[in-house]
Amino acid sequence: MPPSSSSCSRGRGADRSENASRSRRSSCSSPTCPSAWRFQQRGAAPAALLAAAIASWAAAHGLGPFQQGTLFEKMITLQSFNATVAFSSLFFAALVTERTRAREALERSAAELEDRVARRTAELSAANERLNREIAERHDTDRKLRQREGQLAEVQQQAQVGNWEWLIPEDRVSWSDEMYRIHGYLPKAFPITFEKAVELVEEEDATRIRANLKAALARGRDHDLPPSEYRIVRADGAERVLLGKARLSVGSDGRPLRMVGTVQDITEGKQAEREHRIAETLQRSLLPDRLPEIPGVLLAARYLPATSDLEVGGDWYDVVQLPNGTMGLAIGDVAGHGLRAASTMGQLRMALRAYALEEGSPSRVVSRIRHLVRLLVPDIVTLIYLVFDPESGTLRFANAGHPPPLLVDGDGQTSYLEGGLGPPLGAIAHPGQDIDAATHLDAGSTLLLFTDGLVERRGASILDGLTRLKTLAADPGEDLEALCDQLLSAMVTDEVSDDIALLALRQVPFAAEPLFLRLPAEPHVLAPLRQTIRRWLRELDADPGIVDDVLVACGEASANAIQHAYGAKDGLFEVSLVLSDGAVEITIRDLGSWRPSSGSGRAARRGGLGQRLMRSLMDSVDVNSGPEGTVVRMRRSLQLKADRERTRAR
């Protein structure tokens, strides 16, 4: 090939290469790449078509890269440009699509991960909240448990109750703090074992406990051991009484595994029970075991201890036959309960009996007891003392702050005797003198003495109780004992909050019924006997002169029975009076060995003078003595009021 041709060929090749390069650069700078990048495959094809059309137009008009070269070269350049544009657009479109898909997949994964993280975060938050709640609940439970443990320890300390546990196979014993305190030690003062615990028990009780334990372990089944009282001696020498309870648990093979129990210090309770028994015995011994039998006078009494308190109270009553034939009645209440109240009640009762025998005035008796309380008794005492004369029906009384007696007439009219009132004994210094008040007790009337426990109730006024008592007592009936029972049944609820003492007196007419008396052979009964006989005869309207004669004869015969029938021994004698055909038949009987007509000297002369005196006063006197005693029978015609009026009329 000629050089010129070769040079032309090289020039044309260079031109084609440059045109191709320009066509590639033009394809890269054409809109296809941004379109492919922006619109992916759906935008790459139109962009490539547009670029091919522009390139074809440029080639046809010889513009741009198509200005030089042959037609063939321009066609080659155009085809290269079109291929490059199509390939580039498709490549970029595929690349962008793939990246877009990858991005979308990544976004989906990120969304899923975010959703999963959100769910897991929510789950973790919920779990965290549950955990926080559980932690809070556990803290609250621990707090409550510690609080309950503290409360239990306080309750155990207040109740003096400790608990223990014995793991039998390991021989390990644990005590609560109160168990140590009960035994006189500080909590956790020393390690405890079963043998160490038993060593603290009195030897006699320890032997019994070991025997009971051995029998319980041999039974081979779960069961409660019977409660056991035992004594311990503390290190300071104090003896305590304990009450133990326990339960044994065994395994499936019957072997003992565990024993739990409680121990309570009941020393104070046992001491209180002992004092209660002493006080109750003292109180019962100081209250009258029976009321005196006084002809023409009915007496009834009731004492009801409180049921809501283990301690007895200081309520009391008494009936005293006085030397002049009258009778003293007293009812009182010592403030407080227990042994001191009972002993104070006993002192006052004995003092009142002594003062009643010395003083005729109720106010003088109350004044002397007031002085005694101020000097010796540190308690507040209420008291009312009355003196009743059965012959005249006169009732005198003095009241030291006690609920007033209730008087019920025979026709059912009721009234409280509110006179003679002074302050309670021991309450304040009484500047004035206690005063007497008086009233009259007619035959058939009833007098009720009572302590405040009968009319007082919690939450109610005492005036309500007094009003209710008046209403209930308005129909006293004939049986005085039944009246007392009815009043207690109606006034007292199931639970008695305070002790109750009730004393009832009723004067009944003799109504010409036979009079029979059985009396101790003692000189102090002569005055009441004369008073009873005088009243019986007066109710018959006997002539006063004859009444005096009969009294002298009966007194002489009774004095002989008292003086001679029994000697130094105790004995009884009987007196009976019967109205027969306008005359009184009197019988005086003893069971002694006295013989009125035997012996000599002063005693014999005195016996003879006595019989002569009786014979001079009575219509007939008959004395019979034998191994079983002496019987004196006397008879005297009575000039009754009706007989005297008929005699005067004639």
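FYI, it's all coordinate maths here, none of it is from the lab. Predicted model, so just to flag it, every value in this text is computed and none were measured. No Cβ is skipped: glycine too gets one built from the backbone with ideal geometry, and neighbour counts run over all protein chains shown.
Centroid-to-centroid, using Cα positions, segment 202-230 and segment 247-267 are 10 Å apart. Sequentially through segment 367-375, phi angles give Karplus couplings (6.51, -1.76, 1.60; θ = phi - 60°) of 5, 5, 5, 4, 5, 5, 5, 5, 8 Hz, Gly and Pro residues having no value and appearing as x. Close amide H partners of Q321, meaning residues 5 or more places away or on another chain with modelled amide H under 5 Å apart, are G328. Taking other C-beta atoms within 10 angstrom as a stand-in for reagent exposure, F72, F397, F510, F388 fall in the order F72, F510, F388, F397, fewest first.
In debye, nearest 20: dipole of segment 50-118 around its Cα centre with unit charges on the Cβ of K, R (+) and D, E (-)? Could you put the intermediate results ahead of the total?
Working: 6 positive and 7 negative charges, 46 e Å.
Computed about the Cα centre, the dipole is about 220 debye.
Distant-in-sequence amide contacts of L257, defined by a placed amide H-H separation under 5 Å and a gap of 5 or more residues or a different chain, comprise S249, V250, G251. Along segment 134-142 the Karplus relation, 6.51 cos²θ - 1.76 cosθ + 1.60 evaluated at θ = phi - 60°, assigns HN-Hα couplings of 4, 4, 5, 5, 5, 4, 5, 5, 4 Hz to successive residues, with x for each Gly and Pro. Of the residues V161, T262, Y180, the one whose Cα sits farthest toward the positive end of the charge dipole of segment 160-265, with +1 on the Cβ of Lys and Arg and -1 on the Cβ of Asp and Glu, is T262. Loop-located trypsin sites (Lys or Arg not before Pro) in segment 119-217 (DSSP state not H, G, I, E or B) with no more than 13 neighbouring Cβ atoms inside 10 Å: K188.
Equivalent-ellipsoid semi-axes (√(5λ), Cα gyration tensor) for segment 165-271, whole Å, largest first?
On the way: eigenvalues 120, 49, 27 Å².
Over the Cα atoms of segment 165-271, the semi-axes work out to 25, 16, 12 Å.
Cβ crowding within 10 Å ranks R219, R101 as R101, R219, fewest other Cβ atoms first.
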